[in-house]
Amino acid sequence: MEKIDRLGWAAGVAFQAFAVRIGIRVSDPLVLESVFSRVPAGWSRLQSAAVDRLYSVVTPIIRRRNVRHLCVLYGDHTRLSRTERIEDLLDYFESDLDLHIAANSQDRLFIHAGAVRWKGHTILIPGHSHTGKTTLVTEFLKSGAAYYSDDFAAVDHAGDLHPYPRDLSVRTQSNGSERVRPEDLGAARAQPGPISFVLLTEYAEDGRWSPSAVSRGQGMLRLLENTPSARKQPGFALEVLQKAVESAEIHQGYRGDKQQTVQEVLNYLDGRSLS
Amino acid sequence: MRTREISDELGFTRFKQKKFIARKIDGEVLLFDEETSTAHCLNGIAGEMWMACKRKSTAIEVTEALRPKWPDIEEEVVWASLSQMAKTELLEETTDQEIISMSRRELVRKLGFTTAAVLPILVTSVLIPPAAAAASPCAQFDHPCSATIPCCPGLGLGCVLGRCVNL
């Protein structure tokens, strides 16, 4: 038995999200609700305690003067985060949980991408963190698009895109992030649908959106790079991605100003009939 | 005019697909190597060449398989393309006669001189990053970290008070 398992655990819960089994245990029962509030919607409770990943949260119960009170998060037996602010720990938990689901789900294929819907066109913007996905998604929403996701796009076995139940994570000036509801930007939540347009883009200081079309094979290669489960389940990833791009146009290019980019993409889609 | 060495090389060197997950999409072929977690996208003709190597095949046999679509393709160009794909680990290459591989360098030089610049194959390869790397960049020792930028795994680092320190 590992050392951590010998600690006294006051409360716990086991649930399933996107067919991935997750457990949470906490040293302070009052913390469980806060931790659980970070689980994406659509989970269901498990009767069995057998899980694929177990999160353990240790928080100080008795506070003493002149002593640093640290909250510690473990993923299975690995320490993931140690911080004085419980909010930081919860942010870390949320991000690790999303990644774990994305890397292990067999129910959906997750692509690291932002996604919006505009007049029947589903737009996918793949990219790693800090490549401006949320910036573009926010701009699309302000222009009237509906929201799927700003970080993980969830694709089903038929290749259709589904919303990922998280609000936008907008970076603040202090290098933190805050959640913004798409409704606060005047946007609706999008319904599942096939992917029609993939934007492969990065910001460049002097860039201007002037894209070139990319073949579906090349596009799939770029999507695979942004698929957390690709190494673990390559057959599943290829099968779903192939269906996902089979009626999609894929465009690639650097972008500069976000407003100009979004406007040009929307103008292009407005001039194109739905397939 | 083709020398005897070239004819022998075309007839005795055999190429066979390595074990990949393969998908055909719009004429291109996508390959995934589970051993190295590398994905490759082969353009139309490269994909057809790769597909034609299901069994150990010579350049002459592969050329025959390509002729219905590419009637003008030359056996030397196919051989050079297959060799190129073997070099990038997409195909396994074997020679029936050891003596042939002795003259190979010269052959490559002779063929390479005329074909290297005009090979019709195009292969794009990417190394698929581990799940964590795809999700976010990570911070090195003594660099600022946060919930969104964790410390790099495997270095014994932990994020303490916003900075990556040794644990």
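Structural remarks
- Taken one residue at a time, the phi angles of the range A:141-150 give Karplus couplings (6.51, -1.76, 1.60, θ = phi - 60°) of 5, 5, 8, x, 6, 9, 9, 9, 5, 10 Hz. Gly and Pro are set to x.
- Compared with the dominant principal axis of the Cα atoms in chain A, helix A:86-104 is inclined by about 60°.
- Relative contact order of the range A:84-190, defined on C-alpha pairs under 8 angstrom at six or more residues apart (%): 24
- Percentage relative contact order, the range A:109-270, counting C-alpha pairs under 8 Å, at least six apart: 28
- Between helix A:216-225 and chain A: long-axis angle, C-alpha atoms, 0 to 90°, nearest 10: 20
- Scaled radius of gyration (Cα, divided by 2.2 N^0.38 Å) that the range A:20-169 gives: 1.20
- Proxy reagent accessibility, fewest Cβ within 10 Å first, across B:Met85, B:Met49: B:Met85, B:Met49
- Against the main long axis of the alpha-carbon atoms of chain A, helix A:234-244 sits at an angle near 40°.
- Prolate/oblate/rounded call for the range A:109-270, Cα gyration tensor, a/c under 1.5 rounded: rounded
- The Cα atoms of the range A:3-104 give a gyration tensor whose axes a ≥ b ≥ c have a/c of 1.5 or more with a/b greater than b/c, which makes the shape prolate.
- For chain A, relative contact order (Cα pairs under 8 Å, six or more residues apart, normalised by length) works out to 15 percent.
- Tensor-based shape of the range A:176-215 (alpha-carbon gyration tensor, a/c under 1.5 rounded, otherwise prolate or oblate): oblate
- Amide hydrogen neighbours beyond the local backbone of A:Asp76, cut-off 5 Å, H modeled: A:Leu54, A:Tyr55, A:Ser56
- For the pair the range A:1-48 and the range A:204-275, the centres of their Cα atoms are 36 angstrom apart.
- For chain A, calculated [θ]222 nm from helices alone, where every DSSP H run of n ≥ 4 adds -39500 (n - 2.57): -8000 deg cm²/dmol
- Distance from the alpha carbon centroid of the range B:55-74 to that of the range A:116-142 works out to 45 angstrom.
- Between A:Ala10 and A:Val26, A:Ser27, A:Asp28, the built amide H atoms are under 5 Å apart, and every one of these is 5 or more places off in sequence or on another chain.
- Alpha-carbon Debye profile of chain A, log10 I(q)/I(0) at 0.09, 0.10, 0.11, 0.13 Å⁻¹: -0.47, -0.57, -0.67, -0.89
- FRET E, pair A:Glu84, B:Thr124, Förster distance 45 Å, beta-carbon r, rounded to 0.05: 0.45
No lab work stands behind these numbers, since they all come straight from the coordinates. Quick caveat, the model's predicted, so the values are computed rather than measured. Ideal geometry is used to build each Cβ from the backbone, glycine not excepted, and the neighbour counts take in all protein chains shown.
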